[in-house]
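**Student:** Dumping the structure here so I can ask a few things about it.
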Amino acid sequence: MTVHRPLAEPSPHSGLPALPARWDPLVESFLADRAALDEVLGRFGTPLHLLFPQVFDNNLGRLTAILDDSGVGYRIYYAHKVNRSRALVRTAAVRGICVDVASAGELDSARTAGFEPERIEVTGPKGEAFLRVLAASGTTVNVDNEWELRTLADLADPAAPVPVLIRVSGFTGSQVSRFGIPVHRIDRALNFLAGHRDRLVFRGLAFHLDTGDTTERVRAADTCFALLEQAYAADLVPSVLDIGGGLRQVFTADGARFDDYVHRLRESLTGRGARMSWGKNTFGYQVDGGAVRGIPVFHKYANTVPAAEMLAEFLAAPLERHGGRAIARVAADNLLDLWLEPGKALADQAGVTVARVEFVKEASDGSVLVHLDLSRDAVTPADQEVMADPLLLPGTLPAPSGSPVGVFLAGRLCLERDLVATHMVRLPWLPRPGDLLVFPNTAGYHMDLSATVAAMHPPPEKVAVDHRDGRFVATPDADYRPLPFPTTGSESPEVS
């Protein structure tokens, strides 16, 4: 089960609060190889997004190992939307898994990377123009709503029926979602499919929850198993249950230190501790006198449970309605393959972003601002605060001795809102112009979700870094070609 520690527990840590980040060993090794790092920065400059396809590959290996052990048939669909990187999508193609695309651009990218139509699933809301393309594409369409279903039936050629999944939403206990067809209307969709089987091939049901909570996911799967029984009753032959994504990343290296930071941040908002936030930012908390209430708006940076463990827990979860059999067993017994759409979980730790310090200044309230050569949008997902400390590396001068400092990080845009970190960041020394800050774990959404084009700054370039033949090799993302042979323990990421 995903770890949620009570925020009220104080921690024994003293001194400046910190949010130590988790670093993949390969990434850590590259950053420690100063000659290799300097060569890359000398060639491509800063700011720079670095991608590590071998880390992506290792993540894939861990998920396939869990699925292989479960005994269920499965497909893994890499959710392209987490990163525009050509290197990552090409790695997915070469490793033999499938891809989940959500736009015409991603569909083109997947095709260019080598994905055949039968390895492509199209998710998300779709307009008529896109559906017209999909109707003749041979891809599997994950239908979001009844209008899509009817339109796709009108556009489909009976000579080449369109394979479809029906996305379900509105599960008991889950938040309302803008996506999917409500549970209570699935019977209508199934009846429609039964009447249009000459144009649409029903492959099964799908769901995607906006949460990493395993209990909620188990409840959704149980509901879908019941709905699939309705499909059988309608003389349809489903073969797939798509459980979507939602497997979390691990950002923190120390859950207790994270909780300590949040505890002290809450204390500071009440005025009982040293100030830790820029201006009047409360991070979504409601401050009422001496009390702090509510939930912060920053991402699930406190999670310490890796994606493979979350997946194993889900697959082994017993279903009371099925005599206590595990989800994987129920699916296998009903000849259903499980499809997964991991994006963040595959990109976990597979990318970092390097920025250079331009200058340091003191604000009117005494706060120390470290100005960087990138903007907030280059490293934050949907403008959420990144709660993991960047790594400070010396520029051309050796690292100085000194005490840790608490600073705020400012971006390069001429906007008050362009603060890369509005919470106090602990750094081992006061940065100097030319020093480097490396932001951890940015491949999953952080690099691309809200990249700005304001002020005509060029976006950071992307570079793929491999460790080959005892050295690090850097390649522009667009030119990257994966190694031809898998390095994971699994020879068959797809099992039917």
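The values are calculated or read from the model by the stated rules, or taken from the named source; none is laboratory data. For clarity, every value in this text was computed on a predicted model and none was experimentally measured. Glycine gets a Cβ as well: all are built from the backbone with ideal geometry, and neighbour counts include every protein chain shown. Note: areas computed on protein heavy atoms with side chains; ligands, DNA, RNA excluded. Shrake-Rupley method; radii C 1.70, N 1.55, O 1.52, S 1.80 Å.
**Student:** Any idea which of (1) crowded, with 22+ Cβ neighbours inside 10 Å; (2) in a loop (DSSP other than H, G, I, E, B); (3) modelled with pLDDT of 95 or more is the one GLY444 doesn't satisfy?
**Tutor:** All conditions are met except number (3).
**Student:** Here's something else I'd like to know. With respect to ARG325, determine if the residue is of a type in the set (Lys, Arg), touching a residue at least 24 places away in the same chain (Cβ under 8 Å) and either within 20 Å of ASN83 (Cβ to Cβ) or open to solvent by 30 Å² or more (accessible area, probe 1.4 Å) (or both).
**Tutor:** no
**Student:** Additional query: From (1) open to solvent by less than 20 Å² (accessible area, probe 1.4 Å); (2) touching a strand residue (DSSP E or B) at 6+ places or on another chain (Cβ under 8 Å), pick out the condition that doesn't hold for ASP57.
**Tutor:** Only one criterion in (1) open to solvent by less than 20 Å² (accessible area, probe 1.4 Å); (2) touching a strand residue (DSSP E or B) at 6+ places or on another chain (Cβ under 8 Å) is unmet by ASP57, namely (2).
**Student:** With open to solvent by 40 Å² or more (accessible area, probe 1.4 Å), within 30 Å of ALA328 (Cβ to Cβ), more than 24 Å from the chain's Cα centre (by Cα) and modelled with pLDDT of 95 or more as the only criterion, which of GLY42, GLY71 stands out?
**Tutor:** GLY71
**Student:** Next question, about the same structure. Can you find, within segment 163-203, the residue that is nearest to ARG219 (Cα to Cα) among those that are under 22 Å from the mean Cα position of the chain (by Cα) and β-branched (Val, Ile, Thr)?
**Tutor:** The selected residue is VAL168.
**Student:** Another one. Mind listing just one residue for me: the one in segment 255-298 that is acidic (Asp, Glu) and open to solvent by 50 Å² or more (accessible area, probe 1.4 Å) and, of those, nearest to VAL386 (Cα to Cα)?
**Tutor:** Among residues in segment 255-298 that are acidic (Asp, Glu) and open to solvent by 50 Å² or more (accessible area, probe 1.4 Å), the one nearest to VAL386 (Cα to Cα) is GLU267.
**Student:** Checking the conditions here, which among VAL405, VAL425 is β-branched (Val, Ile, Thr), more than 30 Å from VAL101 (Cα to Cα) and open to solvent by 10 Å² or more (accessible area, probe 1.4 Å)?
**Tutor:** VAL405
**Student:** Every residue in segment 408-419 that is under 25 Å from the mean Cα position of the chain (by Cα) and open to solvent by 60 Å² or more (accessible area, probe 1.4 Å), please.
**Tutor:** Result: ARG417, single match.
**Student:** Name every residue in segment 122-142 that is in contact (Cβ under 8 Å) with a residue 40 or more places away in the chain and surrounded by 14 or more Cβ atoms within 10 Å (Cβ to Cβ), in order of residue number.
**Tutor:** Once the filter is applied, which keeps residues that are in contact (Cβ under 8 Å) with a residue 40 or more places away in the chain and surrounded by 14 or more Cβ atoms within 10 Å (Cβ to Cβ), segment 122-142 yields THR123, GLY124, THR140, ASN142.
**Student:** Something else about it: May I ask you to list the residues in segment 143-183 that are of a type in the set (D, E, K, R), more than 18 Å from CYS224 (Cβ to Cβ), at pLDDT 95 or above and surrounded by fewer than 22 Cβ atoms within 10 Å (Cβ to Cβ)?
**Tutor:** Across segment 143-183, the qualifying residues are ARG150, ASP154, ASP157.
**Student:** Another question, then. Taking the condition of being of a type in the set (Gly, Ala, Ser), under 30 Å from ALA206 (Cα atoms) and modelled with pLDDT under 95, how many residues in segment 339-380 meet it?
**Tutor:** Result for segment 339-380: 0.
**Student:** Suppose the filter is in a helix (DSSP H, G or I), hydrophobic (A, V, I, L, M, F, W, C) and within 29 Å of ASP377 (Cβ to Cβ); does LEU63 pass it?
**Tutor:** no
**Student:** Pull out all pairs, ordered by first then second residue, where Cβ-Cβ is under 7 Å, the residues are six or more apart or on different chains, the first lies in segment 82-97 and is in contact (Cβ under 8 Å) with a residue 12 or more places away in the chain and on the phi > 0 side of the Ramachandran plot, and the second is part of a loop (DSSP other than H, G, I, E, B) and not aliphatic (A, V, I, L, M).
**Tutor:** GLY96/PRO493; GLY96/GLU494
**Student:** Checking the structure you have, find out if any residue of segment 366-382 is in a strand (DSSP E or B), touching a residue at least 12 places away in the same chain (Cβ under 8 Å) and open to solvent by 60 Å² or more (accessible area, probe 1.4 Å).
**Tutor:** Checking segment 366-382: not a single residue is in a strand (DSSP E or B), touching a residue at least 12 places away in the same chain (Cβ under 8 Å) and open to solvent by 60 Å² or more (accessible area, probe 1.4 Å).
**Student:** Which is under 19 Å from the mean Cα position of the chain (by Cα), closer than 30 Å to ALA421 by Cβ and hydrophobic (A, V, I, L, M, F, W, C), of VAL292, VAL297?
**Tutor:** VAL297
**Student:** Residues of segment 116-154 being in contact with an Asp or Glu (Cβ under 8 Å, 6 or more places away or on another chain) and within 16 Å of GLY195 (Cα to Cα), which ones?
**Tutor:** Selection gives THR151 alone.
**Student:** Sort through LEU228, LEU241, LEU247 and tell me the only one that's within 22 Å of MET310 (Cα to Cα) and open to solvent by less than 10 Å² (accessible area, probe 1.4 Å).
**Tutor:** Criteria check complete, one pass: LEU241.
**Student:** For segment 383-402: of the residues being within 28 Å of ALA87 (Cβ to Cβ) and out of contact with any Phe, Trp or Tyr (no Cβ under 8 Å at 6 or more places or on another chain), which is surrounded by the fewest Cβ atoms within 10 Å (Cβ to Cβ)?
**Tutor:** In this case the residue turns out to be ASP383.
**Student:** Among the residues of segment 260-304, how many are touching a Gly at 6+ places or on another chain (Cβ under 7 Å) and of a type in the set (A, V, I, L, M)?
**Tutor:** Residues that pass the stated criteria total 3.
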